[in-house]
Structure formats: structure tokens, C-alpha cells
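**Student:** Supplied in C-alpha cells, the structure appears directly below.
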Amino acid sequence: MRFLLDTHVLLWWRDASPLLSPLASAEIAAGENEVLVSIASLWEITIKRRLGKLAFADDFETVLREERFELLGISLAHLRRLDTLPSLHRDPFDRILIAQALTENMPILGSDKVFAAYGTMLIW
């Protein structure tokens, strides 16, 4: 299966947090799955780290390589989809993740139930 990680799931995975659901943990660990991380998530982490709201010292390229995660850029198709989304969720980073998941026809691994209101498949 191919899926997109929500930002908090990436952080919880790296921290081995007990907040990560057993299903989410199993899906990430399954070698046959293709795990994608949006550049938007890395951008969000960068901003929060710079503002002192988040301690994430790891280098992004190292994390992607070590975890065997793929980086998902933001394409024009993603932005077109973003432009059509209703305003159910106000977080701009979550909105681009939703647009990417819908455009790429893949589920999001995360716990934010508002994502499902957009028709996004949510795995948690």
C-alpha cells in the first residue's frame, strides 16, 4: 500500500511515541508499503522548530534515507485540488496534505478526523 504520513505521525514515529496507534506503527514498519512524506510536513516542522515550538534536531534527508520514506513534492495538480477544497479545515499544512492525498488517490496515515470529511481515506 502507498500512503502519506500526517506531520504528527512522522514526529511520533521518529520518537517511538506511545501516541502512535498500533495500526499506524505496523503500516509504517511493513516493508512492502510505500511511505511518503510531503515537503509541506517538512516545511511545517522547519517553521515550528525555528519558532521554538518543536524540538526536532534530525536532518530531513537523513530521516528519509534511514526510514526509507519517499518525499512528495507539491505539484500544480496538488495546488489545483487545494483550490477546490471547502473550508472545513483551517490549517494550511493539513489542507495541502489533503489535496495531495486526494490528487494522488492515496490514504493519509493520521488521526485527524476532519481529513475524512474531505473524502480522504484515513488510516489510524
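The values are calculated or read from the model by the stated rules, or taken from the named source; none is laboratory data. What you see is a predicted model, and the numbers here were worked out from it, not measured in a lab. Here the Cβ positions follow ideal geometry from the backbone for every residue, glycine too, while neighbour counts run over all protein chains shown.
**Student:** Take segment 100-117 and flag every residue that is crowded, with 19+ Cβ neighbours inside 10 Å and in a helix (DSSP H, G or I).
**Tutor:** Passing the criteria: GLN100, ALA101, LEU102, PHE115.
**Student:** Only one residue in LEU71, LEU97, LEU10, LEU4 is in contact with a Phe, Trp or Tyr (Cβ under 9 Å, 6 or more places away or on another chain), within 21 Å of THR120 (Cα to Cα) and outside any helix (DSSP H, G or I). Which one?
**Tutor:** Being in contact with a Phe, Trp or Tyr (Cβ under 9 Å, 6 or more places away or on another chain), within 21 Å of THR120 (Cα to Cα) and outside any helix (DSSP H, G or I) holds for just one of LEU71, LEU97, LEU10, LEU4, which is LEU71.
**Student:** Name the pairs whose Cβ atoms lie under 9 Å apart, with the first residue in segment 21-41 and part of a loop (DSSP other than H, G, I, E, B), the second among the polar types (S, T, N, Q), and 6 or more positions between them or separate chains?
**Tutor:** Within 9 Å, the pairs are SER21/SER111.
**Student:** Could you list all residues from segment 95-113 that are β-branched (Val, Ile, Thr) and farther than 13 Å from ASP83 by Cα?
**Tutor:** Selection gives ILE108 alone.
**Student:** Starting from segment 81-100, take each residue that is of a type in the set (S, T, N, Q) and list its partners that are surrounded by fewer than 11 Cβ atoms within 10 Å (Cβ to Cβ) and outside any helix (DSSP H, G or I), counting only C-beta distances under 7 angstrom and pairs at least six apart or across chains.
**Tutor:** Listed by first residue and then by second, the contacts come to nothing, as the list is empty.
**Student:** Condition test on ASP94, is it at pLDDT below 95 and under 14 Å from LEU10 (Cβ atoms)?
**Tutor:** Answer is no for this residue.
**Student:** Do we have ALA77 as under 23 Å from TYR118 (Cα atoms), among the small types (Gly, Ala, Ser), in contact with a Phe, Trp or Tyr (Cβ under 8 Å, 6 or more places away or on another chain) and assigned to a helix (DSSP H, G or I) here?
**Tutor:** Judged against the criteria, ALA77 is not a match.
**Student:** Yes or no: SER75 among the polar types (S, T, N, Q), at negative phi and free of Cβ contacts under 8 Å to residues at least 60 places away in the same chain?
**Tutor:** Yes.
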